[in-house]
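As structure tokens, the structure follows; a few thoughts come after it.
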Amino acid sequence: MQDYRWLESYCLNRFGSRAELEAHLPVPRSPAALRQISDDRYLSTLALRVFRAGLKHSLVDAKWPAFEEVFFGFDPEKVVLMSAEHLERLMGDKRIVRHLGKLRSVPRNAQLVLDVRAEYGSMGQLIADWPADDIVGLWRMLAKRGSQLGGQSVPRFLRMVGKDTWVATEDVVAALKAQGIIDKAPTSQRDQNAAQAAFNQWLEESGRPLCQLSAMLAFTVNH
């Protein structure tokens, strides 16, 4: 595995200047900003990520005001009480995406939010305080305790709310494979830990957040 200097040199050469490179890099939210996001907004974003999976994002996003209405503004204390019959009735509402499995995931993820609130104070507190050098641990915790949060759903959710994380996109996976860090998409704990260790090294060398290192890796893949 090459050190961060190679990655920076490649990206600077690709974009021509540091200013141009920086303009293409994401900026994570601060821990203070993450703590200020309310639990209903975290639940809404979790649900949005679940419904976006496998569908055109613009289609889901256009229907989201109706989702906010039928799920009581994603207040977890209200959503968790929604019965199976209530969810089945929503299958007749043409204003939303009618997918029963995904609809059922919303009250289950409301329970996740309430459990996290009881244990950590709020979802924002958990997410803000989770260390970047073990972000895959947060992936696994939320995927295990939530519903319909497998695959890339948790890292993409974290990216949506602004938590610093890397994401195993096709380009990032290709770059990690080229560096000999993994030999396939990191779906196992072993491969996730190996990729995390590489990101931790680059983070230590560069001081850059994981989301920027992830983007820079993706830029090394030619199309």
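Points worth noting:
- Looking only at the stretch 61-81, and only at residues there that are at negative phi and among the small types (Gly, Ala, Ser), the one that is least open to solvent (accessible area, probe 1.4 Å): 66
- Residues of the stretch 33-60 that are of a type outside the set (A, V, I, L, M), surrounded by fewer than 14 Cβ atoms within 10 Å (Cβ to Cβ) and either in contact with a Gly (Cβ under 7 Å, 6 or more places away or on another chain) or in a helix (DSSP H, G or I) (or both): 36, 57, 58.
- So residue 137, is it small (Gly, Ala, Ser), within 21 Å of residue 111 (Cα to Cα) and either in a helix (DSSP H, G or I) or assigned by the TED database to the domain that holds residue 53 (or both): yes
- Within the span defined as the stretch 195-208, one or more residues are crowded, with 19+ Cβ neighbours inside 10 Å, in contact with a helix residue (DSSP H, G or I) (Cβ under 8 Å, 6 or more places away or on another chain) and of a type in the set (S, T, N, Q).
- The stretch 82-101 - residue that is assigned to a helix (DSSP H, G or I) and without any contact (Cβ under 8 Å) to a residue 24 or more places away in the chain and, of those, surrounded by the fewest Cβ atoms within 10 Å (Cβ to Cβ): 85
- Annotation note: Cβ proximity below 8 Å between a residue of the stretch 46-66 that is of a type in the set (Phe, Trp, Tyr) and a residue that is part of a loop (DSSP other than H, G, I, E, B) and modelled with pLDDT of 95 or more (sequence gap 6+ or interchain) occurs for 51/97; 51/99.
- Residue within the stretch 102-117 that is open to solvent by less than 50 Å² (accessible area, probe 1.4 Å), under 30 Å from residue 83 (Cα atoms) and of a type in the set (Lys, Arg) present: yes
- For the stretch 175-186, filtering for residues that are buried (at least 16 other Cβ atoms within 10 Å of the Cβ) and assigned to a helix (DSSP H, G or I) leaves 2.
- Of all the numbered requirements in (1) more than 27 Å from residue 35 (Cβ to Cβ); (2) polar (S, T, N, Q); (3) buried (at least 19 other Cβ atoms within 10 Å of the Cβ), residue 189 misses one, and that requirement is (3).
- Residue in the stretch 4-14 that is surrounded by 13 or more Cβ atoms within 10 Å (Cβ to Cβ) and in a loop (DSSP other than H, G, I, E, B) present: no
The values are calculated or read from the model by the stated rules, or taken from the named source; none is laboratory data. The structure presented is a predicted model; accordingly, all values stated were derived computationally and were not measured. Virtual Cβ from ideal backbone geometry, glycine too; neighbours counted across all protein chains shown. With ligands, DNA and RNA removed, areas are computed over all heavy atoms of the protein, side chains included. Shrake-Rupley method; radii C 1.70, N 1.55, O 1.52, S 1.80 Å.
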